[in-house]
Amino acid sequence: MQDKVISGALFHAPESGRIEAMARAAVAVDADGVIAAVECAGTPEFDALVAGARADGRLVELAEGSVLMPGLVDLHIHAPQWPQIGKALDEPLEVWLQKYTFPLEARYADVDFARRVYRDLVGSLLAHGTTTAVYFATTHVEASLALAEICLDEGQRAFVGKVAMDDPDQCPGYYRDADAAVALADTRAFIDRVRGLAGDGDALVRPIITPRFIPSCTDELLAGLGKLAAETGCLVQTHCSESDWERDFVMARHGRTDSEVLRDFGLLREHTVLAHSNFVTDGDLSLIREKGAAVAHCPLSNFYFANAVFPLRRALDMGVRTGLGTDISGGHSPSVLDGCRHALSAARARASGVEADLPAGERGAGGPAVTVAEALWLATAGGGEALGLPVGKFAPGFHFDAVLVDTCRPASPLKVWEGLDTIEETAAKIVLNATRDDIAKVWVRGRAVGPNAG
Ligand code: GUN
Ligand code: FE
């Protein structure tokens, strides 16, 4: 049963590297928020769809100058680090964790504090167009559950992970799971409680198994979480091959790469989300692809913590599932569109190099960089494919998770000039220039959500 038909300008990237833009189209959305049909103006199917919807009052006509695009997917974000966004980026990863981040995350033992932060965060992300988020929470079951409840209440599609970290050599006494057995029992309890949330029959919000990263977990915990993933079918997320320090730590402890260790513990599974993965070898990328796992590329955070940038071009060419993550607060922007921009700059820096003293031919890795169409795909359908969710494009069977961009707002860097900009160029301008204030409306599963929902 069709619920409504939305008619106006739209664009999406149905596959990597291709933007499809239509100056006028109609999207039929059913009562469950699933897209039933997409028709382009100028066809008999479009005329019939629009005429039928108009006749029974189900037609929603978008204003002139408004453009619809798919909702954005943030594959990697630390919800408890929201109060820390925009500060404390003066230390390398291993110092930053101990000095700033673990003390902040420990505060989420206080569930009221957690609720205050998480409510603000989820509202802000929706306002930025993030319709799906894959969250690291903290070690605390109650506060992590509060995040899941808030996502459900606000209508944001989410994977929420209670963080597992038990190794006393790497995790401070004031902030860690007591031991592997407690971490496993708490993770199991968290999964059951998220799956049992009232009013979420369609699993808009799901639990995700979340070993923080190999250095903070004992082998016993990693093995137990691998078994739990197989038993429950939950997706897995973790950090992988992020920095020199982290890669060397894992190599010294296990004599294998992060990806190989995760495989051996049963954690490298279909749709496992590997944040960063900057130091992956070609062998690791093949392994990740073979397992059907995915990389959450976090370009802004790479510049602060990685001492390197993820080989995005290589991963795309190899067909490795990839999307974008903000990595708040290792990244200081909540906007996945900003993530597109940073991914484009990072790929250019990798390809062209940055050291002006070197001859051009010796400066960078060479080869093409990454295109705007590829960046858009990463932020939408690529993220959806990483998670195995039918989101990120306008196609029958996909959920109507969408963002409406107003291109007519005064004093915005987003400007569309009549007679100068085609709908394809408008799409590129939106990816590169749209700000939070240009986002007029956001839908998840056909339902208006976020601050402008009313
Ligand atoms: N590795 C382990 N924990 C973290 C974290 O909180 N942020 C980032 N960027 N990397 C990590
Ligand atoms: Fe992270």
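Since every read-out is calculated from the coordinates, none of them should be taken as a lab result. Please read all numbers here as calculations on a predicted model, not as lab measurements. Glycine gets a Cβ as well: all are built from the backbone with ideal geometry, and neighbour counts include every protein chain shown.
Taking a straight line from the alpha carbon of Lys227, these lysines sit under 28 Å away, with near neighbours fewer than eight places off in the same chain left out: Lys162, Lys291.
Looking at the stretch 71-197, send over the antiparallel percent of its DSSP beta bridges, to the nearest 5.
Numbers: 0 of 10 bridges.
Expressed as a percentage, antiparallel bridges in the stretch 71-197 total about 0.
Could you order the peptides 134-145, 224-235, 49-60, 354-365 from most to least packed, using the average number of other C-beta atoms within 10 Å per residue?
Working: 134-145: 24.7, 224-235: 18.2, 49-60: 14.2, 354-365: 10.4.
Descending mean neighbour count gives 134-145, 224-235, 49-60, 354-365.
Projected label points at Arg256 and Arg409, each 7 Å from Cα along the beta carbon direction, are separated by 4.9 nanometres.
The long axis of helix 336-352 is offset from the longest Cα principal axis of the chain by roughly 70 degrees. With contacts taken as Cα pairs under 8 Å at a separation of at least 6 residues, the chain carries a relative contact order of 21 percent.
In this simple spin-label model, placing a label point 7 Å from the Cα along the Cα-to-Cβ direction at both Asp153 and Asp437 gives a separation of 3.0 nm.
The mean sequence separation of alpha-carbon pairs under 8 Å and at least six residues apart, normalised by the residue count of the stretch 338-454, gives a relative contact order of 21 percent. For helix 219-232, report the angle its Cα long axis makes with the longest principal axis of the Cα atoms of the chain; keep it between 0 and 90° and round to the nearest 10°. Taking Cα atoms only, the helix is inclined about 40 degrees.
Note on the stretch 189-251 and the stretch 1-32: Cα centroid distance 34 Å, given to the nearest whole angstrom.
Against the chain, whose longest principal axis is taken from its Cα atoms, helix 244-254 shows a tilt of about 50°. Using the rule -39500 (n - 2.57) for each DSSP H run of four or more residues, divided by the residues of the chain, the 222 nm mean residue ellipticity is -10500 deg cm²/dmol. Translational diffusion coefficient of the stretch 20-113 (Stokes-Einstein, Kirkwood radius from Cα pairs, 4 °C, 1.567 mPa s): 71 µm²/s. For the stretch 383-392, putting each phi into the Karplus relation 6.51 cos²θ - 1.76 cosθ + 1.60 with θ = phi - 60° gives couplings of x, x, 5, 4, 9, x, 10, x, 9, x Hz, in residue order, rounded to whole numbers and with x for Gly and Pro. Compute the length gained on full extension between Ala88 and Phe113: take 0.36 nm times their separation in residues and subtract their Cα-Cα distance, giving the result in nm to one decimal. Net length gain for the segment: 7.0 nm.
Counting only DSSP beta bridges with both residues in the chain, tell me the antiparallel percent, nearest 5. Show your work: numbers first, answer last.
On the way: 28 of 62 bridges.
Close to 45 percent.
Residue separation times 0.36 nm, minus the C-alpha to C-alpha distance between Ala453 and Asp47: what's the value?
Stretched out fully, the Ala453 to Asp47 stretch lengthens by 143.3 nm.
Straight-line cross-link reach from Lys4 at under 25 Å between alpha-carbon atoms covers these lysines, not counting any fewer than eight positions away in the same chain: Lys393, Lys441. Using R0 = 25 Å, the C-beta based FRET efficiency linking Arg54 and Asp32 works out to 0.65. Taking every Cα-Cα distance in the stretch 185-295 and sorting them into 5 Å bins from zero, the calculated P(r) comes out as 2, 12, 23, 23, 18, 11, 7, 3, 1, 0 percent. Principal axis extents of the Cα atoms in the chain, from largest to smallest and rounded to whole angstrom, are 66, 62, 40. Using a Förster radius of 60 Å, what is the FRET efficiency between Ala23 and Glu220 based on their Cβ-Cβ separation? Nearest 0.05, please. With R0 = 60 Å, the Cβ-Cβ based efficiency is 0.55.
Taking the Cα centre of the chain as origin and charging only Cβ (+1 Lys, Arg; -1 Asp, Glu), how large is the dipole, in debye to the nearest 20?
On the way: 42 positive and 62 negative charges, 74 e Å.
Rounded to the nearest 20 debye, it is 360 debye.
For Asp192 and Asp120, what does the FRET efficiency come to when R0 = 25 Å and r is the distance between their Cβ atoms, rounded to the nearest 0.05? List each step's numbers first, then the result.
Details: r = 28 Å, r/R0 = 1.10.
Once the sixth-power term is evaluated, E becomes 0.35.
Order the peptides 422-431, 254-263 from the highest to the lowest mean number of other Cβ atoms within 10 Å of their residues.
On the way: 422-431: 18.3, 254-263: 20.0.
Taking the mean over residues of other Cβ atoms within 10 Å, the ranking is 254-263, 422-431.
What order, most packed first, do the peptides 404-412, 319-327, 4-12 have when packing is the mean number of other Cβ atoms within 10 Å of each residue?
Working: 404-412: 15.9, 319-327: 26.7, 4-12: 23.2.
In descending order of packing, they fall as 319-327, 4-12, 404-412.
Candidate cross-link partners of Lys87 among the aspartates and glutamates, defined by an alpha-carbon separation under 14 Å and a same-chain spacing of 8 or more, comprise Asp327.
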